[in-house]
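The values are calculated or read from the model by the stated rules, or taken from the named source; none is laboratory data. Since the structure is predicted, the reported quantities are computational estimates derived from the model, not experimental observations. Because the Cβ atoms are built from the backbone with ideal geometry, glycine has one as well, and the counts that use them run over all protein chains shown. Protein only, heavy atoms only, side chains kept; ligands, DNA and RNA dropped before computing areas. Shrake-Rupley method; radii C 1.70, N 1.55, O 1.52, S 1.80 Å.
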Amino acid sequence: MTDRLGDLTAAGVAVWLDDLSRVRLSSGGLDRLRREQHVAGVTTNPTIFAKALSDADEYNWQLKDLATRGIEVEEAVRMLTTYDVRWACDVMRPSYDGSAGVDGRVSIEVDPRVAHDTDKTVAEAKALWWLVDRPNLYIKIPATEAGLAAITATLAEGISVNVTLIFGLDRYSAVMEAFLAGLEQAKANGHDLSTIGSVASFFVSRVDSEIDKRLDKIGSEEAKALRGKAAVANAQLAYERYTEVFSSDRWQALADAGAHPQRPLWASTSTKNPDYRDVIYVEELIAPGTVNTMPESVVTAYAEHGETRGDTITGAYDAARQVFADLAAVGVDMDDVIATLEREGVEKFEASWSELLDGVRTSLAAAARGAGAPNEAAKGNAEAAQRAGGNA
């Protein structure tokens, strides 16, 4: 049988799962994906946790204990989510050990409501790092203006970081600068750079969704011909910047001290438009040293019919630049597109976080009454969170 995910891995793409739940952990499903489907990492977000907590009886005992102790809802959310992430880190530990700390990582996000507050972001990153207490953890920090300084400060503490919600090339360059500065400070602080990891989560399908909407509004034949091209071109040009930064003398000095590069991670890789091939954001973004985090539906789709055609990025830079020249020619304002996506990305995760809090609050109340499983109101909150946050 053809091992398509194995071929993808051999081409230099680390396959990560964009999902986590206690059912997936307790059933052994995550471990099977690691052993049988080449899944080498896990990413989470507030929407994923809201759905997980609403669907499973496995949380009831912990909810009951938290309710008995009178734990406030925000602390309860942290206790519930870090429990799952800690467990997932243990499941993925063989991948971490086998890759010398590069893969086998599991991500947990800081409260998105503090995305514009550097000090609070750093404080929460440190608290989550302490709570989970696993070397293969990643702390997810949004790439807002305030987040850039938080990324540097968190890495300087020796804490590994997944930078999330990156949409534009200039912001991506700023993220790589924050990473280099963080490692330089970590080295000065006496940390072992070989233990510090990082990925930069560059969002893909949401770019097409936003630009396609604008192209449809423009309505010309030239505009319509550009639908579905921007997201891949954007990511391809991001990889070009990655190769430039991580071939510099500045980076080489850190590499000589044991540092691993901050790999680009393609996020939001499920196809939002049913007219597009369901694995387009995997097939068209294959290059060495990358990560692609996928919901299980995309993992399964690629295993069934994905095509690994070698490096589909490196030779595409000129064509990608032409896509953006054509977008500008028909009137698409990329600066406004990127600003809109970043603002909406943070707002969606804030909404999902609020729904997660509401769901846990409802479940704690039910547990305190001895009602057992999360009730329909909690499930409704989770469904609302899923609609608000969507797939990462």
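Probe radius 1.4 Å, ligands and nucleic acids left out: which of 96, 281 has the largest accessible area, and how do the rest follow?
Descending order: 96, 281.
Would you tell me the accessible area of residue 297, worked out with a 1.4 angstrom probe on the heavy atoms of the protein chains, in Å² to the nearest 10?
Using a 1.4 Å probe on the heavy atoms, I get roughly 80 Å².
Please report the spacing between the Cα centers of the stretch 223-254 and the stretch 104-175 in Å, no decimals.
For the stretch 223-254 versus the stretch 104-175, the Cα centre distance is 21 Å.
Counting alpha carbon pairs within less than 8 Å and at least 6 residues apart, what relative contact order, in whole percent, applies to the stretch 256-360?
21 percent
Taking the chain as a Gaussian network, where each spring joins two C-alpha atoms under 10 Å apart, which residue of 302, 83, 138 fluctuates the most?
Looking only at 302, 83, 138, the largest GNM fluctuation is found for 83.
Quick check on the chain: helices-only [θ] at 222 nm, where DSSP H runs of length 4 and up contribute -39,500 (n - 2.57) each and the sum goes over total residues. Nearest 500, please. Walk me through the numbers on the way to the answer.
Numbers: 19 runs with 231 residues, N = 392.
Helices in the chain give a 222 nm mean residue ellipticity of -18500 deg cm²/dmol.
Using a Gaussian network model of the chain whose springs link C-alpha atoms within less than 10 Å, name the residue from 299, 245, 291 with the highest mean-square fluctuation.
245
Using a basic spin-label model with each label point 7 Å from the Cα along Cα→Cβ, how many nm lie between residue 257 and residue 319?
So the label points at residue 257 and residue 319 sit 4.0 nm apart.
Within the chain, what whole-number % of the accessible surface is contributed by carbon and sulfur, with the 1.4 Å probe and all protein chains included in the calculation?
49 percent
Rolling a 1.4 angstrom probe over the protein heavy atoms, how many square angstrom per residue are accessible across the chain?
Accessible area per residue: 39 Å².
Using a Cα-Cα cut-off of under 23 Å, which lysines could be cross-linked to residue 224, ignoring same-chain neighbours fewer than 8 residues away?
Counting by Cα, and skipping residues close in sequence, residue 224 has these lysines nearby: 213, 272.
With unit charges on the beta carbon (Lys/Arg positive, Asp/Glu negative), name the residue among 176, 198, 243 whose Cα is farthest towards the positive pole of the charge dipole of the chain.
Among 176, 198, 243, the one farthest towards the positive end of the dipole of the chain is 198.
Using the C-alpha gyration tensor of the stretch 105-212, what are the square roots of 5 times its eigenvalues, in whole angstrom, with the largest one first?
That gives 23, 15, 13 Å for the three semi-axes.
Where does each of 141, 71 land when they are ordered by accessible area, with a 1.4 Å probe and the largest first?
71, 141
Given the options 286, 218, 159, which has the most mean-square fluctuation in a GNM of the chain, springs set between C-alpha atoms less than 10 angstrom apart?
For the chain, modelled as a Gaussian network with Cα springs under 10 Å, the answer is 218.
Is there a quick way to get the dipole size of the chain? I mean about its Cα centre, with the Cβ of Lys and Arg at +1 and of Asp and Glu at -1; what is the value in debye to the nearest 20?
Using Cβ point charges on Lys, Arg, Asp and Glu, the chain gives about 680 debye.
Between the stretch 340-362 and the stretch 16-50, what is the separation of their alpha carbon centroids in Å?
Spelled out, the Cα-based centre of one part sits 21 Å from the other.
Rg/Rh for the stretch 275-358 to two decimals, with Rh computed the Kirkwood way over all alpha-carbon pairs. Could you put the intermediate results ahead of the total?
Values: Rg = 17.0 Å, Rh = 16.0 Å.
Rg divided by Rh gives 1.06.
Determine the sum of side-chain charges near residue 342: Lys and Arg each +1, Asp and Glu each -1, restricted to other residues whose C-beta is under 14 angstrom from that of residue 342. Each step should come with its number before you reach the end.
On the way: positive: 171, 206, 343, 348; negative: 145, 170, 210, 335, 336, 344, 347, 350.
My count for the surroundings of residue 342 gives -4.
Given the convex hull of the Cα atoms of the stretch 274-316, what is a quarter of its surface area in nm²?
In nm², the orientation-averaged hull projection of the stretch 274-316 is 3.4.
Compactness ratio of the chain: Cα Rg over 2.2 N^0.38 Å, N = residue count?
0.96
For the chain, which longest stretch is free of loop sites, where a loop site is one of the trypsin sites (Lys or Arg not before Pro) that DSSP puts outside H, G, I, E and B and that has at most 11 other Cβ atoms within 10 Å?
Maximal segment without exposed cleavage sites: 1-308.
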